[in-house]
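J.: Below is the structure I would like to discuss, written out as structure tokens.
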Amino acid sequence: MKKYKNIVIGGIQQKVFNLVLVTILLMMAAYTVVVIHQAGQLAALVEETNAQQKQSITQISQGTMDAVLDASFTDSTQMQAMLADDFFADAENVVLLLADYAEHLFADPDSYSPRAVAPPDKALDGEISAQLLWEEGADFSDPALRARLGLVGNLADLMTALYRTAHVDSCYIALPDGVMLLVDDHAASKFDEGGNLITIPIHERVWYTNAVEKGELSFTDVTTDLFTGRISVMCSVPVYREGALAAVIGADLFLNDMEAAVSASIKDGSFVCIVNENGHIVFSPQTEGVFRVLPADEAQDLRESEDRALAEFISAALTENTGVRTAEIAGEAYYMAGAPIRTMNWAIVAVVSKEAMDQPTAMLETQYDNIQRGAVERYESGLGNAKRTIIVLIFIVFALGSMAALLVSKRIVKPLEAITRRVSSLGGEDLQFFVEKEYRTGDEIELLAESFAKLSAKTLQYVDKVKTVTAEKERIGAELHMATEIQASQLPRLFPPFPQRSEFDIFASMTPAKEVGGDFYDFFLVDDDHIALVMADVSGKGVPAALFMMVSRVLIKSHLQGGESPKQALASVNNQLCEGNNAGFFVTVWLAVIEISTGKGVAANAGHEHPALRRAGKPYELVVYRHSMAVATLEDLPFREHSFQLEPGDSLFVYTDGVAEATNAENELFGPERMLAALNRDPDATPEQTLRNVMDGIDAFVAGAEQFDDITMLCLKYRGPKKEK
């Protein structure tokens with residue numbers, strides 16, 4: 001045993017030193033093995049957990065995208081089909097209205113004075129004008145032809161008015177004699193390059209031959225306009241007099257805007273095309289494949305396509321709203337939705353590639369992979385630092401002793417074990433990882449824990465957001481659909497409502513500003529000789545106002561049918577509605593009971609608009625008298641009554657404030673003056689046509705501006721008591 005600088009070599013001190021040294025080395029070796037083993041387990045666990053989270057995110061994202069596609073894609077296609085259907089129905093209505101007027105002309109020609117019509121005038125190009133056109137060989141020396149021309153000239157003003165207000169590009173009436181009266185604003189197109197007036201082979205034009213051969217209203221196939229060369233379709237109908245063809249009425253619709261809209265629809269793997277009744281593509285932005293446009297003699301009837309899924313889809317789209325379907329065309333998967341354009345027996349087909357729709361999910365997966373890759377890189381970097389720290393600790397432990405080694409090893413291993421246990425427990429609904437106190441080691445372990453926490457928090461936020469948005473959208477859609485159905489079923493919708501009663505004619509309509517509205521109308525027989533009329537407007541809009549509306553309607557009808565007068569009924573309903581009216585709703589009401597056999601009426605007005613009355617042979621005028629307060633404002637309110645007398649031929653028009661307060665883009669109101677002008681445009685019209693005239697006046701005034709209030713109208717025409725046979 002030797003001693004060197006207070007160190008005993010070969011004695012107990014050395015043995016203790018050697019024992020401590022061996023113990024420390026063994027502990028460090030064991031510790032190193034444990035750390036490496038646990039790090040490998042942790043890496044495998046992280047990889048497995050990330051794979052599970054990625055799969056869950058992908059499934060939720062794909063399901064949400066499918067739900068959004070099914071709702072928005074289908075609704076968009078149906079809306080486009082409805083707009084196109086209205087576009088073609090406008091031409092159909094114009095032709096039928098002109099045909100009806102022409103039948104009156106031919107049935108009673110002696111009641112109309114001759115009306116001269118001039119040939120086209122280049123100076124009137126750009127202005128709406130009535131023009132006389134003819135085919136080669138027309139005999140204007142024939143007195144009978146001149147008489148018929150003078151008779152149909154009476155149509156010029158109506159045709160001009162319809163051209164100005166309806167969505168048609170020309171309207172015309174052709175006689176079998178080879179002459180026609182046409183109204184449009186491009187008179188210069190009727191002349192050739194030499195300035196000579198063009199003659200028209202009227203009897204050979206497809207709109208003329210269709211009307212003569214089919215004997216009913218019909219549309220031509222897509223063609224080009226004779227004068228302008230624009231893409232168009234023609235709608236025509238024959239008019240007969242005593243079984244013989246008297247004329248053919250027609251109207252042109254230019255489809256260049258439709259073609260341009262379809263051509264511009266291609267975007268991000270989606271596009272829209274239009275299929276005609278023969279299964280041919282008539283408009284499409286595609287230049288190749290089955291959806292390209294081909295001449296009619298070359299086009300394939302897609303209803304007979306070898307691809308059965310495509311054939312069945314096209315056949316269904318021509319008759320019904322298909323919803324979203326999938327099909328594989330030329331090796332590529334597509335989502336498709338179709339809706340019929342019923343007026344033309346056409347269909348709008350919207351197509352989007354499945355690859356484009358799946359792109360958001362793919363982007364989400366890529367983003368997730370990037371986040372995961374970054375976390376792994378940070379983890380590996382931290383693990384490398386930890387290894388270097390272990391090597392340094394080995395030398396430190398030699399100096400500080402076994403206690404320091406034990407403390408350091410505990411500090412390193414314990415947080416890793418805690419993270420491992422917490423990560424292993426993640427799954428199902430429990431996906432949130434929190435940075436707890438024991439993870440805050442101030443080194444790479446804390447960095448790894450923070451990375452796990454951020455990743456799990458982002459995942460849960462995304463999942464919660466998707467669930468919330470989807471549930472809210474489904475709930476609102478279901479509630480609005482149910483409210484719309486309930487409200488529509490409450491109002492009288494069958495016209496004529498009393499076909500057995502000849503003493504009066506009645507028609508009413510309601511156009512809500514939202515899915516459901518607060519306006520309502522009603523009419524019903526109190527007894528065999530009394531009819532009640534109701535027009536009301538509940539404060540507010542939407543579902544709450546609609547519920548208050550239905551309660552008000554039921555109460556008013558109940559009290560009137562119970563024998564109460566208008567003012568008594570309003571007083572009773574007022575007190576009932578005031579009970580528990582915490583929402584502060586009120587309702588303005590115009591209410592009248594008319595004795596059918598005499599035309600005597602009693603009305604009560606609770607804060608509502610003044611009615612308009614037309615005496616026979618005179619224009620409509622407002623009936624202004626003092627109002628009572630609105631119903632449901634205060635309890636025990638008194639209500640005034642106003643007596644009036646209807647004579648045979650008189651008409652009564654009542655409405656809500658949505659008519660007079662309709663607003664255009666310049667914030668101008670439609671007002672009572674414009675309303676009276678619309679009523680007096682055709683004062684002898686039927687109640688249904690009277691309401692249509694007012695609505696046309698509103699539409700022309702607002703010019704597409706958003707509707708902010710419900711528009712509700714009712715018109716009654718009193719014909720007088722039944723005459724004894």
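The values are calculated or read from the model by the stated rules, or taken from the named source; none is laboratory data. Bear in mind that the values here come from a model prediction, so they are computed numbers and not experimental data. Heads up, the Cβs are rebuilt from the backbone with ideal geometry, glycines too, and the neighbour counts pull from every protein chain shown.
J.: If residue 321 satisfies every condition in (1) surrounded by 18 or more Cβ atoms within 10 Å (Cβ to Cβ); (2) outside the structural domain of residue 223 (by TED's automatic domain parsing) but one, which is the exception?
T.: (1)
J.: If you don't mind, another one. Does the stretch 685-698 hold any residues that are within 13 Å of residue 653 (Cα to Cα) and without any contact (Cβ under 8 Å) to a residue 60 or more places away in the chain, and which are they?
T.: Across the stretch 685-698, the qualifying residues are 685, 689, 692, 693, 694.
J.: Name the single residue, out of those in the stretch 211-221 being in contact with a helix residue (DSSP H, G or I) (Cβ under 9 Å, 6 or more places away or on another chain) and not in a strand (DSSP E or B), that is farthest from residue 283 (Cα to Cα).
T.: 212
J.: Which ones in the stretch 249-273 are among the small types (Gly, Ala, Ser), surrounded by fewer than 17 Cβ atoms within 10 Å (Cβ to Cβ) and in a strand (DSSP E or B)?
T.: Matches in the stretch 249-273: 270 only.
J.: Shifting gears a bit: Within the stretch 323-338, which residues are within 22 Å of residue 80 (Cα to Cα) and of a type in the set (A, V, I, L, M, F, W, C)?
T.: Residues satisfying the conditions are 324, 327, 336, 337.
J.: On the given criteria, is residue 555 in contact (Cβ under 8 Å) with a residue 24 or more places away in the chain and either closer than 19 Å to residue 609 by Cα or assigned by TED's automatic domain parsing to the domain that holds residue 601 (or both)?
T.: no
J.: Looking at the stretch 302-336 only, could you name the residues that are in contact (Cβ under 8 Å) with a residue 12 or more places away in the chain and in a helix (DSSP H, G or I)?
T.: 302, 303, 304, 309, 310, 313, 314, 315, 316, 317
J.: While we're here: Could you please let me know if residue 246 is outside any loop (DSSP other than H, G, I, E, B) and under 24 Å from residue 209 (Cα atoms)?
T.: Spelling it out, residue 246 is indeed outside any loop (DSSP other than H, G, I, E, B) and under 24 Å from residue 209 (Cα atoms).
J.: For the stretch 226-235, does any single residue satisfy the condition of being touching a Cys at 6+ places or on another chain (Cβ under 8 Å) and either surrounded by 16 or more Cβ atoms within 10 Å (Cβ to Cβ) or more than 30 Å from residue 129 (Cβ to Cβ) (or both)?
T.: No, the stretch 226-235 contains no residue that is touching a Cys at 6+ places or on another chain (Cβ under 8 Å) and either surrounded by 16 or more Cβ atoms within 10 Å (Cβ to Cβ) or more than 30 Å from residue 129 (Cβ to Cβ) (or both).
J.: Kindly list the number of the only condition in (1) farther than 30 Å from residue 184 by Cα; (2) in contact with a Ser or Thr (Cβ under 6 Å, 6 or more places away or on another chain); (3) modelled with pLDDT of 90 or more that fails for residue 321.
T.: Of (1) farther than 30 Å from residue 184 by Cα; (2) in contact with a Ser or Thr (Cβ under 6 Å, 6 or more places away or on another chain); (3) modelled with pLDDT of 90 or more, only one is false for residue 321: (2).
J.: Within the stretch 560-577, is there a residue that is in contact with a Leu (Cβ under 6 Å, 6 or more places away or on another chain) and part of a strand (DSSP E or B)?
T.: no
J.: List the pairs whose first member sits in the stretch 660-672 and is over 13 Å from residue 698 (Cβ atoms) and part of a loop (DSSP other than H, G, I, E, B), whose second member is among the aliphatic types (A, V, I, L, M) and at pLDDT below 95, and whose Cβ atoms are under 8 Å apart, counting only residues at least 6 apart or on separate chains?
T.: Listed by first residue and then by second, the contacts come to 665/702; 665/703; 665/705.
For (1) at pLDDT 85 or above; (2) under 22 Å from residue 335 (Cβ atoms); (3) of a type in the set (Lys, Arg); (4) more than 24 Å from the chain's Cα centre (by Cα), each residue gets a yes or a no:
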site	(1), (2), (3), (4)
269	no, yes, no, no
272	yes, yes, no, no
275	yes, yes, no, no
286	yes, yes, no, yes
301	yes, no, no, yes
308	yes, yes, yes, yes
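J.: Could you count how many residues in the stretch 515-538 are surrounded by 17 or more Cβ atoms within 10 Å (Cβ to Cβ) and either outside any strand (DSSP E or B) or not assigned by TED's automatic domain parsing to the domain that holds residue 592 (or both)?
T.: The total comes to 4.
J.: Could you list, in sequence order, the residues of the stretch 110-155 that are surrounded by 12 or more Cβ atoms within 10 Å (Cβ to Cβ), out of contact with any Phe, Trp or Tyr (no Cβ under 8 Å at 6 or more places or on another chain) and among the polar types (S, T, N, Q)?
T.: Selection gives 129, 131.
Let's see how each residue does on (1) surrounded by 20 or more Cβ atoms within 10 Å (Cβ to Cβ); (2) touching a residue at least 60 places away in the same chain (Cβ under 8 Å):
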| position | (1), (2) |
| --- | --- |
| 549 | yes, yes |
| 571 | yes, yes |
| 580 | no, no |
| 584 | no, no |
| 615 | no, no |
| 619 | no, yes |
| 625 | no, no |
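J.: Checking residue 289 against (1) more than 21 Å from residue 233 (Cα to Cα); (2) small (Gly, Ala, Ser); (3) part of a strand (DSSP E or B): exactly one of these is not met. Which one?
T.: Failed condition: (3).
Rundown of residues vs (1) more than 19 Å from residue 508 (Cβ to Cβ); (2) modelled with pLDDT under 95; (3) surrounded by 14 or more Cβ atoms within 10 Å (Cβ to Cβ), yes/no style:
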| position | (1), (2), (3) |
| --- | --- |
| 666 | yes, yes, no |
| 679 | no, no, yes |
| 687 | no, no, yes |
| 690 | no, no, yes |
| 695 | no, no, yes |
| 705 | yes, yes, yes |
| 708 | yes, yes, no |
| 711 | no, yes, yes |
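J.: May I ask you to list the residues in the stretch 688-704 that are closer than 18 Å to residue 656 by Cβ and either under 19 Å from the mean Cα position of the chain (by Cα) or polar (S, T, N, Q) (or both)?
T.: 690, 693, 699
J.: Looking at the stretch 156-177, I want the residues that are buried (at least 19 other Cβ atoms within 10 Å of the Cβ) and have a partner that is among the charged types (D, E, K, R) with Cβ atoms under 6 Å, at least 6 apart or on another chain. Which pairs are those?
T.: Sorted first by the residue in the stretch 156-177, then by its partner, the pairs are 169/252; 170/184; 170/252; 175/148.
J.: To continue, here is another question. Of all residues in the stretch 631-659, how many are in contact (Cβ under 8 Å) with a residue 60 or more places away in the chain, on the phi < 0 side of the Ramachandran plot and touching a strand residue (DSSP E or B) at 6+ places or on another chain (Cβ under 8 Å)?
T.: Total meeting the criteria: 18.
J.: I'm told residue 208 meets every condition in (1) loosely packed, with under 12 Cβ neighbours inside 10 Å; (2) assigned to a helix (DSSP H, G or I) except one. Can you identify the failing condition by its number?
T.: Condition not satisfied by residue 208: (1).
J.: Please tell me if residue 239 is farther than 28 Å from residue 118 by Cβ, among the β-branched types (Val, Ile, Thr) and either within 27 Å of the chain's Cα centre (by Cα) or part of a strand (DSSP E or B) (or both).
T.: no
J.: Could you identify the single residue in 640, 626 that is modelled with pLDDT of 95 or more, part of a loop (DSSP other than H, G, I, E, B) and of a type in the set (D, E, K, R)?
T.: Result of the check over 640, 626: 640.
J.: Those residues that are touching a Lys or Arg at 6+ places or on another chain (Cβ under 9 Å) and of a type in the set (Phe, Trp, Tyr), I need them from the stretch 119-154; list them, please.
T.: The answer is 140, and nothing else.
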